[in-house]
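Student: The structure that follows is given in the form of structure tokens.
The values are calculated or read from the model by the stated rules, or taken from the named source; none is laboratory data. Only a predicted model underlies this, so the values are computations on that prediction, with no experimental measurement involved. Ideal geometry is used to build each Cβ from the backbone, glycine not excepted, and the neighbour counts take in all protein chains shown. When the accessible area is computed, the model is the full protein with side chains, heavy atoms only, and any ligands, DNA or RNA have been set aside. Shrake-Rupley method; radii C 1.70, N 1.55, O 1.52, S 1.80 Å.
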Amino acid sequence: MINIVGISGSLRKGSYNSALLRSAVALMPVRAELRVASIRDIGLYDGDVEATEGVPAPVAALKDTVAAADGLLLVTPEYNNSIPGVFKNAIDWMSRPPADIPRVFGGRPAALIGASPGAFGTILSQNAWLPVLRTLGMRMWSEGRLMVSRAPSVFAADGTLADAKIEDALRKFLEGFIGFVESTRREQ
Ligand code: FNR
């Protein structure tokens, strides 16, 4: 069984990105499992805290969760045409100490999706993640793309997907990503 961890970059109850992640859980190929992990308990990065106390427990726990997974799915909102600080902060904490980056991120397959009420569906935020994922040494899967635009018309009030085309695109995206994860496992 392929084991993927998914993280939404929004803390909002009614988050479109968290709704997209929940939809992905339901649409995963049967040979894979997508587990949702949260950044909610991760505080702001503070180098003094790191120097005196080390990496906080919620950060260490999320690092271990990612390290144990076959791949990482980042579901990213877009703020001011870039990565939301809340999400970047979590990944920054998880990149400490740098000597642990290879264990947590190095060579691990990663994919990006995102949802926004606007017309461009997080394209600039997704692009902004690329140098971050490269810096962390992740294997970015780029053969599929999913930008969910006009999110209020894509999700029903209960957060379920209400757009057959997006559902189909999400299913295909996940199938492609899992195929990629499998191909990297065969290499090992
Ligand atoms: C936004 N939003 C937004 N949307 C977008 O498509 N491009 C953008 O540059 C921005 N900028 C932006 C800045 C800030 C500070 C906020 C709070 C919001 C709107 C954003 O896409 C919308 O709030 C989404 O609903 C956020 O994602 P969740 O919380 O629904 O997952």
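Student: Counting helices only, and only those DSSP H runs with n ≥ 4, report the 222 nm mean residue ellipticity of the chain as the sum of -39,500 (n - 2.57) divided by its residues, in deg cm²/dmol to the nearest 500.
Tutor: Mean residue ellipticity, 222 nm, calculated: -13500 deg cm²/dmol.
Student: List every residue whose amide H lies under 5 Å from the amide H of R139, counting only residues 5 or more places away in sequence or on a different chain, with H placed 1.01 Å from N in the peptide plane.
Tutor: Those lying under 5 Å, H to H, from R139 are G107, R108, A110.
Student: Express in Å², to the nearest 10, the accessible area of M1 obtained by rolling a 1.4 Å probe over the protein heavy atoms while all chains stay in place.
Tutor: Counting only protein heavy atoms, the figure is 140 Å².
Student: Then there's this: Considering only the chain, what is the antiparallel percent among its DSSP beta bridges, to the nearest 5? Write down the numbers at each step before the final one.
Tutor: Values: 2 of 21 bridges.
Taking every DSSP beta bridge within the chain, about 10 percent pair in antiparallel fashion.
Student: Also: Taking K and R as +1 and D and E as -1, what net charge do the other residues with C-beta under 14 Å from the C-beta of E187 add up to?
Tutor: +2
Student: A further question on this structure: Full extension from K165 to E182: what is 0.36 nm times the residue separation minus their Cα-Cα distance, to one decimal in nm?
Tutor: Going from the current span to full extension adds 3.5 nm.
Student: Turning to a different aspect of this structure: Could you report region 86-142's accessible area per residue, 1.4 Å probe, as an integer in Å²? Display every interim value, and only then the final one.
Tutor: Values: 2270 Å² over 57 residues.
With all protein chains present, region 86-142 gives 40 Å² per residue.
Student: Leaving out ligands, DNA and RNA, and with a 1.4 Å probe, what % of the accessible surface on the chain is carbon or sulfur?
Tutor: 54
Student: Hey, can you list the DSSP H helices of the chain whose Cα span along the axis is 18 Å or longer and whose average Kyte-Doolittle score is at least -0.5?
Tutor: Working: long enough: 123-135 (19 Å, 0.49); 164-187 (35 Å, -0.35).
Membrane-span-like by this rule: 123-135, 164-187.
Student: Provide the solvent-accessible area of T52, counting protein heavy atoms only and rolling a 1.4 Å probe, rounded to the nearest 10 Å².
Tutor: Accessible area of T52: about 110 Å².
Student: Specify the inter-centroid distance of region 115-185 and region 68-90, based on alpha-carbon positions, in whole Å.
Tutor: That distance is 11 Å.
Student: Given +1 on the Cβ of Lys and Arg, -1 on the Cβ of Asp and Glu, and no further charges, what dipole in debye does the chain carry about its Cα centre, rounded to the nearest 20?
Tutor: 400
Student: Same structure again: Pull up the cross-link candidates among the lysines for K165, meaning alpha carbon to alpha carbon under 28 Å and not fewer than 8 places away within one chain.
Tutor: Here the lysines satisfying the reach criterion relative to K165 are K13.
Student: Rounded if a/c is under 1.5, else prolate if a/b beats b/c, else oblate: with a ≥ b ≥ c from the C-alpha gyration tensor eigenvalues square-rooted, which is region 68-188?
Tutor: Since a/c reaches 1.5 but b/c is at least a/b, the shape of region 68-188 is classed as oblate.
Student: Restricting to Cα pairs below 8 Å that are 6+ residues apart, what does the relative contact order work out to for region 2-187? Please round to a whole percent.
Tutor: Once divided by the residue count of region 2-187, the mean separation gives 25 percent.
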